1. Using Cα springs under 10 Å in a Gaussian network model of the chain, which residue among Ile79, Ile105, Ile213 shows the largest mean-square fluctuation?
2. Return the tail of the calculated pair distribution for segment 84-166, meaning the percent of Cα-Cα pairs more than 20 Å apart.
3. Could you do me a favour and compute the accessible area per residue for segment 84-166, 1.4 Å probe, result in Å²?
4. Distance between Cα centroids, segment 195-246 to segment 52-73: provide it in whole Å.
5. Tell me, what is the FRET efficiency for Gln166 and Thr230 to the nearest 0.05, using R0 = 25 angstrom and their Cβ-Cβ distance as r?
6. Starting from 0.36 nm per residue, how many nanometres of slack lie between Ser60 and Arg72 once their C-alpha separation is accounted for?
7. By its C-alpha gyration tensor, with a ≥ b ≥ c as the square roots of the eigenvalues, how is segment 202-247 shaped: rounded for a/c under 1.5, else prolate for a/b larger than b/c, else oblate?
8. Separation between the Thr98 and Glu211 pseudo-spin-labels, each 7 Å from Cα along Cα→Cβ, expressed in nm?
Amino acid sequence: MSETDYMLAVEGLTVSFDGFRAVDDLTFYVDRNEIRVIIGPNGAGKTTVLDLICGRTKASAGSIKFQNEELRTLKEHQIVRRGVGRKFQTPSIYDDLTVFENLEISFPRGRGVFGALAFRRDAEVRDRVEEVAKTIFLADALQRRAEFLSHGQKQWLEIGMLLIQQPSLMMLDEPVAGMSVAERKKTAELLHTITAGRSVLVVEHDMGFVEDIAHRVTVMHQGKILSEGTLAHVKADQRVVDVYLGH
Ligand SMILES: Nc1ncnc2c1ncn2[C@@H]1O[C@H](COP(=O)(O)OP(=O)(O)O)[C@@H](O)[C@H]1O
Ligand SMILES: [Mg+2]
C-alpha cells in the first residue's frame, strides 16, 4: 500500500470473535492536528477499534498504518513506544501517590544516567511535570494525593500521564463519562490544546461534548462505517438518525 500524509490510515480492518465480526472491513484516515470522534450505538465496535490500534486485540485482516508504519505486527509496548497513547474508561492512576509523582513515574525512562547528567534529567522531568500539570488544570494540586482529586481531575491526571510521554496519537474512550458540565467544557478545551501537532481519536456518547471537540465524526454500526464527515453532515444523515441519534 502507498505512503500517505495521514497520521493514521486504517484500511480493511477486520476482527472476528468466534465467527462474529465485531469490526468489519473498516477504512478511515485521521490527519495530524485532527480530533476524530467515533460514535455509534452500544456494541458497534468502537472500543474494539481502539483495542486493535493499540495492539491489545489482534486483527484478523486489514492494515493499521501509523506515520506510515504498519502496527498490526507490533506488540502493545512497541506501539506505545512508537507514540500511541491510550486512555481507558476507568483511570489507572495511583491513588496513594501525589499528582506530581503520578506524572513523574509516567515520564519515559531513557537509558540510565548518573551524576551531573542525572541532575540535569531531574530538572528536565520537573519542568515537564509542571508544564503538563498546567495543561491539565492541576498546577495547584501537584502535592495533592490522587485519591483526593475529583472524578474529573482524576481523568485529567490520566490524560496528563499520557501527555508526558508525548504521543503523536492519543486515544480516549468516553473521557467525559461521569463528569460535570463544567468539567466537560474544560475537557473539551484541554483536547483542543493538546491536539496541536498530534491526532486525537475519541470514542464518545455525549453529543454536546462531541459538538465541542469533533473536527470529523465517524459513525459505526455493527462493525462497519455508517457515515462520516462533519458533525452537521452525519447528523443530517437519515441512517444515523435511525440507528443512533433518534434513540
Ligand atoms: N474480546 C472479545 N471477545 C468476544 N467478543 C467481543 C470482545 N470484545 C468485544 N466483543 C464484542 O464485539 C462487539 C463490539 O464491542 P465494543 O467494541 O465494545 O462496542 P462499543 O464500544 O461500540 O460499545 C460487542 O458485541 C462485544 O460483545
Ligand atoms: Mg465501548
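1. Greatest mean-square fluctuation among the candidates belongs to Ile105.
2. I get 30 percent for the Cα pairs in segment 84-166 exceeding 20 Å.
3. In whole numbers, segment 84-166 has 57 Å² accessible per residue.
4. Distance between centres, Cα-based: 22 Å.
5. After rounding, the FRET efficiency stands at 0.30.
6. This chain segment gains 3.4 nm when fully extended.
7. Taking the square roots of the gyration eigenvalues as a ≥ b ≥ c, segment 202-247 is rounded.
8. According to this spin-label approximation, the distance is 4.1 nm.
The values are calculated or read from the model by the stated rules, or taken from the named source; none is laboratory data. Since we're looking at a predicted model, the values are computed, not measured. Reconstructed Cβ throughout: ideal geometry from the backbone, glycine too, with neighbour counts over all protein chains shown. These accessible areas exclude ligands, DNA and RNA; they are computed on the full protein's heavy atoms, side chains included. Shrake-Rupley method; radii C 1.70, N 1.55, O 1.52, S 1.80 Å.
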